[in-house]
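Everything below concerns the one structure shown next.
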Amino acid sequence: MASNLFFLICLLSILHVCFSALKETAFESVPDLEKSMYIVMDGYPCVRLLNLSGEIGCANPGLDKVVAPIVRFTNGVELERPSSLVVSSYDFESLLSRVSSDSNFASHVAGVLVESGTQNQTHVTGSSPDNKFPQAEFAPYQNSKFKWNPTGSGIMWKPYDFPIFLLSESSTQTLQEFVVKNANKMEKYATEVTEFDLVMQTTKAGTRDSESCLKEGTCLPLGGYSVWSALQTNGSDSSKEKPIVLAVSSMDSASFFRDKSPGAESPLSGFISLLAAVDALSRIEGLDTLDKQLVFVVFTGEAWGYLGSRRFLLELSQHTDAVKGINHTLIEAVIEVGSVGKGYDQGVKTFYAHTTGVSSATNKTLNALKKARDSLGTENIKYSAASESNPGIPPSSFMSFATQNPHTAGFVLEDFDSVFTNKFYHSHLDDLSNINSSAIVAAASLVARTLYIIASNTNHISDSSLNSVKVNTTLVDELLSCLLSCELGLSCDLVKQYIYPFSTCPSHYVGVIQGEPSSVPYLNYVGDVSRFVWNFMADKTSTQVKNVSPCSGNCTKTGGVCIKQEIDGKGVCVISKTRYIPSYSTRLKYDSETWSVLPSSSSDPMGAVDPIWTESNWNTISLRVYSVQSNFYDHFILVAGVALTALSYLLIVIVKTLIAKAFKQD
């Protein structure tokens with residue numbers, strides 16, 4: 001009897017311990033349970049893009065999520081089942097090359113995860129996913145085989161029927177632990193898998209090109225909003241129109257991964273140089289005495305068929321409200337600031353002026369550039385005319401102007417002669433570490449003084465006048481930090497003087513154009529960078545504050561614009577010629593909330609080769625990792641469960657028998 005009682009006490013103790021353990025690991029909600037089972041990974045997806053002839057980019061192959069075990073990619077790895085491959089940035093192009101050449105291997109690739117923070121070897125050789133001649137079809141000359149971008153692989157222009165993500169640095173570290181677990185032979189009872197949710201609406205609907213997906217409403221056109229502004233140089237005689245000098249740059253970039261397109265060297269270095277030049281020119285005296293009108297334009301969409309510059313030229317020819325105040329017949333020269341962030345070698349900043357040919361008007365702009373360089377009074381800043389052996393100007397917005405008018409005067413300022421110095425053109429690796437701020441300051445100084453000399457239209461500019469054109473180096477550093485870093489990013493003081501950003505981390509991908517394109521757009525449809533540029537340039541080019549109190553309806557009626565309105569809802573009314581210009585394909589028309597494709601037109605000579613880029617819609621994009629038990633482990637659990645059930649039944653019978661005996665004895 002005592003032994004039976006002891007057995008019961010032990011059994012109850014074991015049950016008490018089990019229930020206590022369950023209580024300690026109890027989950028208060030389903031989300032808590034999910035967090036314990038699934039690890040959400042941070043990353044940047046490659047998404048599905050379309051044009052008139054087909055698709056590029058990435059998507060799940062079907063209509064469901066993709067789940068596959070994690071495997072480390074090496075050049076010799078063989079796959080026996082669909083797998084999720086983890087690859088370093090250095091081996092990424094090798095992986096995609098093998099996918100293209102080995103159909104059996106490709107059939108077992110379920111997804112790809114690219115690591116961050118392991119680019120040391122990549123930085124030695126360079127890596128560009130773009131072509132060796134980016135956007136060659138838009139060149140105003142025939143030599144489309146020229147290799148401006150020798151490190152280009154062209155991988156970003158191909159379709160991939162599996163998801164690809166670039167991991168954040170923190171997620172890279174987490175995933176590496178899972179890779180080790182899968183490689184550990186002692187832990188084969190469980191497999192670590194990734195779950196990709198990258199289902200594209202165009203895949204669901206079977207719309208495999210831009211025309212069909214726009215018709216079905218499963219995609220939207222790539223596009224956004226460019227910005228133009230002008231220094232007030234008319235003085236009291238506002239009726240007198242002056243010849244125009246355009247200074248242009250681009251604010252958008254591209255890469256293999258949608259939201260990781262920093263574009264620090266190409267084109268953001270030139271964009272920041274232009275903003276610094278605008279600031280420098282806005283602070284000099286006597287602007288109303290200049291003989292020419294200085295107009296500044298910052299394009300977006302240039303990485304996708306020069307959407308911004310082509311749309312700008314079309315709007316000019318149609319005299320729309322977006323470009324009201326610019327008489328295109330008065331444009332005398334175009335100065336473009338391209339990639340200038342690497343023009344630095346052993347303390348010397350060297351730049352090259354690329355032109356479409358020799359003409360007296362172009363020579364005037366080059367002479368102004370030389371005079372600007374000489375005025376800086378240093379041998380550490382040099383410029384040279386680009387090599388005559390080049391086929392023409394490099395990939396740039398200037399191509400749009402030169403195609404429309406082959407006699408366009410001006411030049412493109414770059415930090416290279418015949419090949420890009422940027423080894424990471426349109427790569428996610430073209431970040432802040434890829435440029436030099438002093439080179440950007442030097443380029444801004446050259447551009448600002450060159451524009452001042454051209455606008456003055458005289459050979460007798462005093463040294464004191466030129467020396468008054470000074471670039472604010474602190475502003476350049478602020479712009480670099482705000483526009484090219486996620487640590488502070490768009491939450492920096494400079495940006496928050498003008499706008500309330502949607503996101504802290506700046507994005508330089510053009511995005512999609514939403515709603516009806518307008519020169520007065522709904523601001524929620526305008527990207528952070530475009531809104532900042534509009535406010536910044538309106539502020540710098542303004543000459544008179546009409547009303548420092550909250551903006552009223554009279555602001556626009558009196559020729560003013562309302563800046564800083566996002567900050568406090570009130571804003572400040574200033575006089576400035578600053579406008580948004582919709583940026584989207586010249587072969588698209590928006591009507592009754594739908595987009596349609598137009599035939600090519602003589603008003604845009606590039607329209608015939610316009611691919612009309614669109615981006616597929618999607619519901620969600622996500623990536624997570626979790627453990628899946630092996631079949632052997634599942635069978636073991638089943639057998640153990642059956643055995644435990646049988647043992648429990650046996651214990652119940654024994655306990656009932658003991659209790660019955662105890663009552664009989666009583």
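Taking every pair of Cα atoms in segment 439-485, average 1/r, invert it to obtain the Kirkwood radius, and report Rg/Rh to two decimals.
Ratio of gyration radius to Kirkwood radius: 1.10.
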#### Entry: Estimated inter-spin distance, ASP345 and ALA643, nm [label 7 Å along Cα→Cβ]
7.5 nm
### Summary
Inter-part gap, Cα centre of segment 466-542 to Cα centre of segment 353-374, in whole angstrom, is 30 Å
### Query
Zone of HIS328 (label point 7 Å along Cα→Cβ, backbone N under 20 Å): which residues in segment 563-606?
578-590, 598-606
### Message
Can you say what percent of the DSSP beta bridges in segment 230-318, counting only those with both residues inside, are antiparallel? Round to 5.
### Response
10 percent
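State, as an integer percentage, the relative contact order of the chain based on alpha-carbon contacts under 8 Å between residues 6 or more apart. Could the numbers behind the result be given before it?
Working: 1369 pairs, mean separation 136.2, N = 666.
About 20 percent, as a whole number.
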### Residue-count net charge about THR356 - beta-carbon cut-off 13 Å; Lys, Arg +1, Asp, Glu -1
-2
### Message
How much length would be gained if the chain were fully extended between GLU241 and GLN176, taking 0.36 nm per residue of separation minus their Cα-Cα distance, in nm to one decimal?
### Response
17.0 nm
### Query
How far apart, in nm, are two points set 7 Å out from the Cα along the Cα-to-Cβ line at ASN75 and at ARG98?
1.0 nm
### Message
Please report the accessible area of ASP417 (heavy atoms, 1.4 Å probe, ligands and nucleic acids excluded) in Å², nearest 10.
### Response
40 Å²
### Message
Quick check for me: using +1 on Lys/Arg Cβ and -1 on Asp/Glu Cβ, what's the dipole size of segment 62-174 about its Cα centre, in debye to the nearest 20?
### Response
240 debye
## Note on the structure
By the mean-Cβ-within-10 Å protection proxy, highest first, 261-270, 403-412 rank as 261-270, 403-412
### Query
Cross-link partners among lysines for LYS656, C-alpha distance below 17 Å, same-chain residues fewer than 8 apart left out?
LYS664
### Task
Please turn the phi angles of segment 396-403 into ³J(HN,Hα) values with the Karplus equation 6.51 cos²θ - 1.76 cosθ + 1.60 (θ = phi - 60°), one per residue in order, whole Hz, x for glycine and proline.
5, 4, 4, 4, 5, 5, 5, 5
### Task
Pairs of Cα atoms under 8 Å, at least six residues apart: use those to get the relative contact order of segment 236-324, whole percent.
36 percent
### Message
Restricting to bridges with both residues inside the chain, how much of the DSSP beta-bridge set is antiparallel, in percent to the nearest 5?
### Response
60 percent
### Message
What's the magnitude of the charge dipole for the chain around its Cα centre, counting Lys and Arg as +1 and Asp and Glu as -1 at the beta-carbon? Answer in Debye, nearest 20.
### Response
300 debye
#### Entry: Estimated FRET transfer efficiency when R0 is 45 angstrom, pair VAL358-LYS589 (beta carbons, to 0.05)
0.65
#### Entry: Distance between segment 394-441 and segment 58-72 - C-alpha centres, whole angstrom
37 Å
### Task
Provide, in order from the shortest bin, the percent of all Cα-Cα pairs of segment 388-511 in each 10 Å bin, continuing until the bin that contains the maximum pair distance.
10, 27, 35, 24, 4
### Task
Give me the number: length gained by fully extending SER622 to TYR525, i.e. 0.36 nm times residue separation minus the C-alpha to C-alpha distance, one decimal in nm.
32.6 nm
### Unit charges at the beta carbon, dipole of segment 195-338: most positive-side option, SER309, VAL297, CYS219
CYS219
### Task
Could you state the angle between the C-alpha long axis of helix 269-282 and the longest principal axis of the C-alpha atoms of the chain, as a value from 0 to 90 degrees rounded to the nearest 10?
50 degrees
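Can you bin segment 254-386 into rounded, prolate or oblate? Criterion: square roots of the alpha carbon gyration tensor eigenvalues sorted a ≥ b ≥ c, rounded for a/c under 1.5, prolate for a/b above b/c, oblate for the rest. Don't skip to the end; give the middle numbers.
Numbers: a/c = 1.66, a/b = 1.09, b/c = 1.52.
The shape class here is oblate.
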### Query
How big is the charge dipole of segment 51-117 about its Cα centre, in debye rounded to the nearest 20, if each Lys and Arg gets +1 on its Cβ and each Asp and Glu gets -1 on its Cβ?
120 debye
### Task
Would you mind pulling out the separation of the Cα centroids of segment 215-287 and segment 78-117, in Å?
39 Å
### Query
Given that just one value was derived from the coordinates, which of [x] 29.3; [y] 39.4; [z] 36.0 is mean projected area of the Cα convex hull in nm²?
[y]
### Task
Would you mind computing the Rg to Rh ratio of segment 485-524 from its alpha-carbon coordinates, Kirkwood style for Rh?
1.03
### Task
Set Lys and Arg Cβ to +1 and Asp and Glu Cβ to -1, take the dipole of segment 433-519 about its Cα centre, and tell me which of SER433, SER456, ALA443 lies farthest positive.
SER456
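Between LYS661 and ASP42, what FRET efficiency follows from the Cβ-Cβ distance if R0 is 60 Å, with the result rounded to 0.05?
Values: r = 64 Å, r/R0 = 1.07.
Efficiency at R0 = 60 Å is approximately 0.40.
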### Message
On C-alpha positions alone, give me the angle between the axis of helix 437-456 and the longest principal axis of the chain, in degrees, nearest 10.
### Response
30 degrees
### Message
Which three extents, in angstrom, do the Cα atoms of segment 489-595 have along their principal axes, listed largest first?
### Response
41, 34, 22
### Message
Using only the alpha-carbon atoms, how far is helix 360-375 inclined from the longest principal axis of the chain? Give it as 0 to 90 degrees, nearest 10.
### Response
80 degrees
### Message
Could you work out the pair-distance distribution P(r) of segment 204-324 from its alpha-carbon pairs, with 5 angstrom bin width and percents rounded to whole numbers?
### Response
2, 9, 15, 17, 16, 14, 10, 6, 4, 3, 2, 1, 0
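The values are calculated or read from the model by the stated rules, or taken from the named source; none is laboratory data. Everything numeric here is computed off the predicted structure, so don't read it as measured data. All Cβ positions, glycine included, derive from the backbone under ideal geometry; neighbour counts span all protein chains shown. SASA here: full protein model, heavy atoms, side chains in, ligands and nucleic acids out. Shrake-Rupley method; radii C 1.70, N 1.55, O 1.52, S 1.80 Å.
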